[in-house]
Every structure is written in structure tokens, then in C-alpha cells.
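Have a look at the structure below, then the notes.
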Amino acid sequence: MDGGQQSPRPQPLRRAPEREGSHNYDIERMDGAGEGEWWQNASSDALLRYDDRGSVHEPLMRKRTINTTSQIAVVGANVCPIESLDYEVVENNFFKQDWRSRKKKQIFQYIIMKWTLVLLIGVLTGLVGFFNNLAVENIAGLKLLLTSELMLEQRYFTAFLAYGGSNLVLATAAAAICAYIAPAAAGSGIPEVKAYLNGVDAYSILAPSTLFVKIFGSILAVSAGFVLGKEGPMVHTGACIANLLGQGGSRKYRLTWNWLRYFKNDRDRRDLITCGCAAGVAAAFRAPVGGVLFALEEAASWWRSALLWRAFFTTAVVAVVLKTLIEFCRSGKCGLFGQGGLIMFDLSSTVAAYSTSDLIAIILLGIIGGVFGGIFNFLLDKILRVYSIVNERGAPSKILLTVAISIITSMCSYGLPWLAACTQCPVDAVEQCPTVGRSGNFKNFQCPPGYYNGLASLFFNTNDDAIRNLFSNGTETEFHMYSLFIFFIAIYCLGLLTYGIAVPSGLFIPVILAGATYGRIVGTLLGSISNLDPGLFALLGAASFLGGTMRMTVSVCVILLELTNDLQMLPLVMLVLLISKTIADTFNKGVYDQIVVMKGLPFMEAHAEPYMRHLVAGDVVSGPLIAFSGVERVGNIVTALRITGHNGFPVVDEPPLTESPELVGLVIRSHLLVLLQGKMFMKEPVKTSGSFALDGFGAFDFGKAGSGKGLKIEELYFTDEEMQMYVDLHSIANTSPYTVVETMSLAKAAILFRELGLRHLLVVPKTPNRPPIVGILTRHDFVEEHIHGLFPSLNPHNFHSASMGG
């Protein structure tokens, strides 16, 4: 529902009433908003909205219903207003004049600037990725070293206090900066970035404060021993870096170089942010090709070959930066960091010769991964809805929840290894046993000299080291089945409990850890019929669980192969991913798709829903519509901008300017504000010449401002005399907006809207002698709940079960 603008009665078309002797465009409206801006409210601090019937629209409401029709959504761990992005080229007179006047030098500048910015995105994301790893390894390493030294002195309770206290301080710091500085930085950020690339924007999703908290909050949270990863947040970090570079300059910081101004639009920012996502994955997993495929498969809604080439270049830069810095650290100048390489978990020394019996085991792993993945997503959905009740109470509640989960995690990590029996060190151990220090396969924990604790080797390490231990080959007897079962149950549950807290947190690492653990269990149980090493089974288990939760195939496959340097496993990884994804799809959606819906982000899928084929475009537009004359009174424009939050307004020429009412195009709010600020007003309503209209303005004046920097109507002041004057809108109107006839199938209109990245789709009448515009289709008009509100008798779920969709 759209703030009471839609009628609950099903009807084929709903039109604004025409008035005798006057056009029906002035302050009247046929669709929900120029943006359909069903989500853009006049008061940015209003977190709830009531419609005419008094019902509340709120994401994750206390009844835990899914929010899809509100003007607000959950971004990170906070509720805030959202609006749509406009990827369409606004072809007005200024745009045409700008392109006509551009010389080869300026076009060359634009191309050079695009490549320079993606180069900078790669360099900066690589530096941040390395800094994250360096900080986590050193902070967590020092914490584990201190605890180990106290345990060697048999001061076990003091060791627990030191371990749990360190975790608590780090967790509280992460939650505090997230809750108070940038709530949008909570979670992985992938659902928000995915929604942004689909055309949905929210304040501070990609703000500098979010970038700051994402980096330092992720370091603190991972170092605090939480069962979460820094990989998901790195995707958001890369997107934030790209957005910061693509702001088109800044007057505040005197970055007004003309070259930067070419990027003052949503289209170029979208491409840069897509490259930022690819760079984030490349920096997190040291997987450049996997980063490009992740952006293509999971993040981006629009893709083209030129973008592929730039994204590939960006991830290659990330790989070079990481390689250079890791080589520098091999000299021992990076503290406790320096043992890793670009290949994080090298399995290349294992010979992967597999037979038919191995394939049976692989199929079993795929089925297990699909079932566990479906259950994981179902439980995560329920837990996030419960956590939202706590997060709604404000920052102190978010911090208390984080502290509670930190205490539970510390008790599990320190307490559960006491349940495992000590194992005598193998005679032929390649590395020192027991391990003295922070990492290694053989943790001494409470065991006597010459013995190690297998469960402590998994719990009492950084997450990366735990994965490395599980993936290690030639270690068939290193971990007892009892220890693996305990570790799997703990990681599965802690992964579910941890994701919803107010810290930057990724799901990749918990999923890989849990999958690798049950993969190793299956490999150990089937050792009599399979020749594969348990370490390879751990890799396949991780792949199966990733396929069951994320529902990605190609990108996950390549990421895992780049992580492990084991190309021989390609057919088996492909097989297990396909099986697990197929099984899990019968339960629910992928975890990120599920979270996008739950947060209330109006994401448009690539296909139209089946029930849309039974409706036409004219069925879902509603009134009244606000439209302007080609030469409009200033007071009318100011009033319309003040009383609505709409973004787009049709412009219609009428007699005496034309013989009959004629649609000129569409004018957007930001352009109207720039025009009003220039005060190029006239005393009489006459159409001006093109040169007069273009005087005093440049094309860059109408470019989209950076985050939160746009003009607002409240900032402009007009005298009574100016309010009675006129302004010509022809020069700023988009004279070639996308239009559809009112009888077009809603399914076709939805596909057109999504594929072209539109914010407004004008609906025109099919028959003559009617007003030249029926209404405007916006993102809201394609939302299932909105359509069901218009047509209660239409049950979309019946069509879901009867058809496979668009």
C-alpha cells in the first residue's frame, strides 16, 4: 500500500477526475509518486508511517511480517528512509548541448578518468584487505599467545579471564562504533550493495563513516573471536571506496577538478561500485577471477562487456598489491603476520584420483549441504527477526546483545576443548607438536607434554587457521570424530547467533568452517570406500554448504579453486555445488536474497512474476498525478515540491503553446531545484528560446550531487513577487522518457523497467482525445504486496504454483 493513495478495491484502471474547462494536471496525480516515491518521506527522522487506515508500515514489524511496501527499510542494524536511483540518461537540452560541444580531448579525459578510478579502487581495496589481515593476525595472535602462556603455567581460570576479557573489550568496541557512528555498517553489507546495484539507495549505505566502521569494526569483531568473517564486509568496503572516488569531486574539500565532474551521475557510480564489489572479494579471498564472477553472478543487476573488462583490471590490480605486500611481510617485518601467501589453503600437493565410489560420497555431500543450507537459512531468518526487536530499542541494546553473544562464544571456544581427550603427537609430524604459539595443527591446551588437543586446534585459532587445519591433507587421524561433531554443532549454532548482532560480519567463513567440518566427518566415515583425502572432503563439504546457503555456483567454484590451488578438484566441486543448490532451492531462497526481502529493500528480480501476465500497466497506476505545464508558475512548482516527496513530474504543453495537450517529457526534482535556485524567471508565461534557457547554467550544474549533498527546497527562499512569476521547463525536461501504452502487460513493463534501470516509466493512453499521460509506473508498482492491496481477489501464490514465472 502507498500511504493511503491506493484504493483497496480491485479495478482495471483508476484515473484522476477531469475538471471542466481546465487541465487535470496541476496539483493532481494519477500514480503513487513521481518516483512512486512510496518510500521517500518528507521527514527523514520518521521511522514509522501510518496510512489512512492507521496501519503501520515498518520493516521487520513486531508481528515479524515481511516489509515490502514501506518507505523505509532496515539498512545494517538501523531503520532509515530509502529511495530509488535513476540509471536513465536524462536527455534534456543541457545534455544534448553538452554532448554536441564535447571535443575529443574531453572524451579522452573521461575514458582516462574511468580507468584511473578503477585503478585506484584496486589499489585502495588491496591495501585495506591487507591491513585487515595484518591487524586481525596480530591482535588475535597476541590474545592467543597470552592465553597460551597462562595455560602453560596451569593458570587456567586466569587464562579464561584474559581470553574472555580480551574478546569482550574487542566486541564492545566493535559494537559501540557500529551502533553510534554508522549502524549501516552492521552485517555483511552484501544485501545492501546488491540492492543499491539494483537501483535502491538509502542514506549512509556507502558513506565515509560506514567505510570507517566497516574497516575497523570488522577488524575488532574478527579479532574478538566471533564466528564470522571479514570477507562479506570487504565487499561492502570495496563498494564504499568506489562510491567515495565516484562522487564527482567535493566543494567542501576543494576537489573541483573538471575531470571528476563526469561522474556526477548514478550510471557511472553504479559501474564503479560494481568494480568495487569485485575488488572486495579479490582482496578478501585473494581470488581475482572469483571476484569478477561474484560481481557478475551475485551483486550486479546490469552487466556489459566493457564493465567486465574494467572489473577484471581492478581485481588484477588487487592481486598485484596483495602479492607485493605479502612478499614484504615474509621478511618478518609484519609482526605475527607473514606465513600466508596468495594461495590461502594450498591443497595442490594432494593427488585427486577419484572413482565411482567417490562420486557416491560426493553426491551424498551435496545432499547434506543442500539440507543443512536450507535449514540454516530458515533458522537465520527467524533469529534475525528476533534480533530486530532488540536492535529497535537503540544503541545500548545493540551493544548488550553483542556482549551476550561474545560471552557465549568465549565460553564455547574455551570450554568445549576441555571435553576432548588428549592425543599423543604423531611420530612423523611435519610441524612441531604440540604447537607452541598462536597457530598450528597441534594445540597443547591442557594436555601434558607430547600430547595435543584436537578440538583446541580448531577452536583456539583464528578462523583462517581453523580452516587451514580442516583442509590439511595427510591428517586422517589428527581429529577425532567426537571432536569434529562438537565443533560442527558449535560453529553451526554460533554462526546463526552471531550474524544479526551490530558488528560488521560476514557469512562466508562460518559457512566454510561448518561445511569443511561435516565434509571431514563424511570423509572419515567413508574412508573404507573412498580414496580421497579427508582434507579434500573438507573442501567439498565447504563447497556444498556454500551452495546450500549462498546459492552461488560459478563464482563459489572459482573462489574455492583459487583459495586452494587445486584445479584437479574442479569437476567434483562443480558437481557438489549443483546438487546442494538444487536441493536447497526446494526449501527457500538464498541467504542474501532472503535478507534483502526481510530488510524491506524493494529488489526487482530479473524475471516477472507469473501473476503479472494477468494485469496491464494501467491497472496499477493510481492518482492523483502532479504534472506541470511547459511554462509553469513558480509558486505551483514550489508548492508541489514542498508538499510532496515525489521525484519526477510529467511536463505537458497546452494551448496556446500547442493546439492540443501534448506530453513534453519528464522533469526530476533535483533539476527543478537547480533551475529555481538560478531564478531565471519571467513575468509572462511565454516559451523562451533555447539560448536564453541555457544561459547561466552548465550541464554539470544538473549532475547528481554526492551523498546527501543535493539541494533541498527548504534551503531556497522566494519573494511573493517571484512566486507569481513563470519559469520555462522545456530546457530541463527529459524529452525522450521511456513510455508504455496502458494496455501493455505488467510483466513486460516490469522486465523493461528492470533491464533499463529506470526510476520512472510513463504510461500513456491507447485511445485519442484523452490526457496525454495516464500515470507513472515506479518500482513500488511492481511490488507483490502493493498489487495484492489493489486486487485482494488476486492471489499471487496460486500463479506461483501454477507457473514457473517469467
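The values are calculated or read from the model by the stated rules, or taken from the named source; none is laboratory data. For clarity, every value in this text was computed on a predicted model and none was experimentally measured. All Cβ positions, even for glycine, are placed from backbone atoms using ideal geometry, and neighbour counts span all protein chains on display. Protein only, heavy atoms only, side chains kept; ligands, DNA and RNA dropped before computing areas. Shrake-Rupley method; radii C 1.70, N 1.55, O 1.52, S 1.80 Å.
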field: The one condition in (1) buried (at least 18 other Cβ atoms within 10 Å of the Cβ); (2) in a loop (DSSP other than H, G, I, E, B); (3) touching a residue at least 24 places away in the same chain (Cβ under 8 Å) that Cys433 fails to fulfil
entry: (3)
task: Pairs only if they're at least six apart or on different chains, beta carbon under 7 angstrom, first in segment 324-350 and of a type outside the set (A, V, I, L, M, F, W, C), second modelled with pLDDT of 70 or more and open to solvent by 60 Å² or more (accessible area, probe 1.4 Å); list them, first residue then second.
output: Gly338/Arg330; Asp346/Asn565; Ser348/Asn565
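Among the listed residues Asp593, Asp533, which satisfies the condition of being of a type outside the set (Gly, Ala, Ser), open to solvent by 10 Å² or more (accessible area, probe 1.4 Å) and modelled with pLDDT of 90 or more? Talk me through it step by step, then tell me what you get.
Numbers: Asp533 fails: modelled with pLDDT of 90 or more.
Going through Asp593, Asp533 in turn, the sole match is Asp593.
May I ask you to list the residues in segment 745-769 that are open to solvent by 20 Å² or more (accessible area, probe 1.4 Å) and over 17 Å from Ser622 (Cβ atoms)? Full working, then the answer.
Initial filter on segment 745-769 (open to solvent by 20 Å² or more (accessible area, probe 1.4 Å)): 745, 748, 751-752, 754-756, 764-769.
Result: Ser745, Lys748, Ile751, Leu752, Arg754, Glu755, Leu756, Lys766, Thr767, Pro768, Asn769.
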Answer residue from segment 80-127, given it is open to solvent by less than 60 Å² (accessible area, probe 1.4 Å) and touching a Ser or Thr at 6+ places or on another chain (Cβ under 6 Å) and is farthest from Ile215 (Cα to Cα) among those: Asn93
- request: Considering only segment 737-760, state which residues are in contact (Cβ under 8 Å) with a residue 60 or more places away in the chain and among the hydrophobic types (A, V, I, L, M, F, W, C).
  value: Val740, Val741, Met744, Leu746, Ala747, Ala749, Ala750, Ile751, Phe753, Leu756, Leu758
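Quick test for you: out of Val616, Val556, pick the one residue that is crowded, with 24+ Cβ neighbours inside 10 Å and in contact with a Leu (Cβ under 7 Å, 6 or more places away or on another chain).
On the way: Val616 fails: crowded, with 24+ Cβ neighbours inside 10 Å.
Matching residue, one of Val616, Val556: Val556.
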query: Restricted to segment 627-649, and to residues that are in a loop (DSSP other than H, G, I, E, B) and open to solvent by less than 10 Å² (accessible area, probe 1.4 Å), which residue is nearest to Glu721 (Cα to Cα)?
result: Gly630
- request: For segment 736-759, indicate whether the set of residues that are at pLDDT below 90, more than 24 Å from Phe649 (Cα to Cα) and not basic (Lys, Arg) is non-empty.
  value: no
message: For segment 766-783, which positions are within 19 Å of Thr743 (Cβ to Cβ), in contact with a Pro (Cβ under 7 Å, 6 or more places away or on another chain) and not β-branched (Val, Ile, Thr)?
response: Pro771, Pro772
message: So Phe157 ticks every box in (1) open to solvent by 10 Å² or more (accessible area, probe 1.4 Å); (2) within 11 Å of the chain's Cα centre (by Cα); (3) not acidic (Asp, Glu) but one. Which box is left unticked?
response: (2)
- line: Contact list, first residue from segment 604-616 and touching a residue at least 12 places away in the same chain (Cβ under 8 Å), second anywhere and part of a strand (DSSP E or B) and polar (S, T, N, Q), beta-carbon distance below 8 Å, six or more apart or interchain, is Met612/Ser745; Arg613/Ser745; Leu615/Ser745; Val616/Ser745
message: Among (1) surrounded by fewer than 24 Cβ atoms within 10 Å (Cβ to Cβ); (2) of a type in the set (Val, Ile, Thr); (3) assigned to a loop (DSSP other than H, G, I, E, B), there is one condition Ile501 misses while meeting the rest; what is its number?
response: (1)
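Condition test on Val573, is it more than 17 Å from Leu560 (Cα to Cα) and open to solvent by less than 60 Å² (accessible area, probe 1.4 Å)? Reasoning before the result, please.
Numbers: more than 17 Å from Leu560 (Cα to Cα): no; open to solvent by less than 60 Å² (accessible area, probe 1.4 Å): yes.
Criteria not met by Val573.
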task: Quickly run through segment 368-378 and pick out the residues that are β-branched (Val, Ile, Thr) and over 12 Å from Thr586 (Cα atoms).
output: Ile368
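Considering only segment 718-732, how many residues are hydrophobic (A, V, I, L, M, F, W, C) and in a helix (DSSP H, G or I)?
Going through segment 718-732, the residues hydrophobic (A, V, I, L, M, F, W, C) turn out to be 718, 723, 725, 727, 729, 732.
Add one more test, that the residue is in a helix (DSSP H, G or I), and what stays is 723.
Residues meeting the conditions: 1.
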message: If a residue must be open to solvent by less than 10 Å² (accessible area, probe 1.4 Å) and closer than 12 Å to Gly276 by Cα, how many such residues does segment 307-329 contain?
response: 5
Where Ser622 falls short, out of the listed (1) assigned to a loop (DSSP other than H, G, I, E, B); (2) open to solvent by 10 Å² or more (accessible area, probe 1.4 Å); (3) not acidic (Asp, Glu): (2)
